[in-house]
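Undergrad: Before we start, here is the structure in question, set down as structure tokens.
The values are calculated or read from the model by the stated rules, or taken from the named source; none is laboratory data. Since the model is a prediction, treat every value here as computed from it, not as a measurement. With ligands, DNA and RNA removed, areas are computed over all heavy atoms of the protein, side chains included. Shrake-Rupley method; radii C 1.70, N 1.55, O 1.52, S 1.80 Å.
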Amino acid sequence: IMQQKNVEYFMSWQNRIVGEDTVPPDQLLANPYNFRIHSTFQKQALMGILDTVGWVQRIIVNTHTSHVVDGHARIAVALQRNEPWVPVVYIDVSEDEEKMLIASLDPLAALATVDSDQLAALLADIQSTDAAVTQLLTTLAYDNGITSPDFQPATVQEQGRLDQKKPITCPHCGESFTV
């Protein structure tokens, strides 16, 4: 009996990361192909997260062109706050590859779907004293059908009981209805 030898071929992705550093934010070159516009609300929420947690993601810079590939909003808030440095990871890609990354990094992340139950559990465990972060989390919940903005359930006394009807008078015409 002849045994077939199983041969597995592993294709390894090329590592394009070539270094890291901390640099002054005003030394970084915005990417001319960046199509993302960052709202004031987004930058305020980002600043709130940075104030609360600190840096957890580096700015991506292409050594081939010296352009920022990812992190324009983080640079903007660092400049606004006069931060002396930002963490940077350097990659070496061609200009065409850089364009592909600019066009795809954020949109790829946005393709993820939301597990509403998991998000609701996560949000229930988060508390922030930063107003912009709180608004971001409230908006995230609302956008995913978890809550409505400023929703405060009424008490039984305020809303009445559904099994008991009571007359209501229309303030415009004065007619009474039983509901």
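Undergrad: Quick one: accessible area per residue over region 25-69, 1.4 Å probe, rounded to a whole number of Å²? Let's see the in-between values first.
TA: Numbers: 2780 Å² over 45 residues.
Ligands and nucleic acids excluded, the result is 62 Å² per residue.
Undergrad: Averaging the inverse of every distinct alpha carbon separation and then flipping it gives the Kirkwood radius. What is it for region 1-142, in angstrom units?
TA: 17.8
Undergrad: Over all pairs of distinct alpha carbons, what does the Kirkwood formula give as the hydrodynamic radius of region 45-121, in Å?
TA: Evaluated on region 45-121, it is 14.3 Å.
Undergrad: Out of residues 5 or more away from Val69 or on other chains, whose amide H comes under 5 Å of its own, with H placed 1.01 Å from N in the peptide plane?
TA: It is Ile60, Val61, Asn62, by chain and number.
Undergrad: Something else now. How much area per residue is accessible in region 82-135 when the probe is 1.4 Å and only protein heavy atoms are counted (Å²)?
TA: 68
Undergrad: On to the next question. Semi-axes of region 93-146's equivalent ellipsoid from the Cα gyration tensor, sqrt of 5 times each eigenvalue, largest first, rounded to whole Å?
TA: One finds semi-axes of 31, 14, 9 Å for region 93-146.
Undergrad: Only bridges with both residues in region 1-115 count here: give the DSSP antiparallel percent, nearest 5.
TA: The antiparallel fraction comes to roughly 60 percent.
Undergrad: For Tyr90, Tyr142, what's the largest-to-smallest order of accessible area, 1.4 Å probe?
TA: Solvent-accessible surface, decreasing: Tyr142, Tyr90.
Undergrad: Could you work out what % of the accessible surface of region 18-81 is carbon and sulfur, using a 1.4 angstrom probe and leaving DNA, RNA and ligands out of the count? Mind dumping the intermediate values first?
TA: On the way: 1940 of 3730 Å².
Solvent-exposed carbon and sulfur of region 18-81 make up 52 percent of the total.
Undergrad: If you don't mind, there's one more thing I want to ask. Kindly report, to the nearest 10 Å², the accessible surface of Lys43 as traced by a 1.4 Å probe over protein heavy atoms only.
TA: Ignoring ligands and nucleic acids, Lys43 comes out at about 60 Å².
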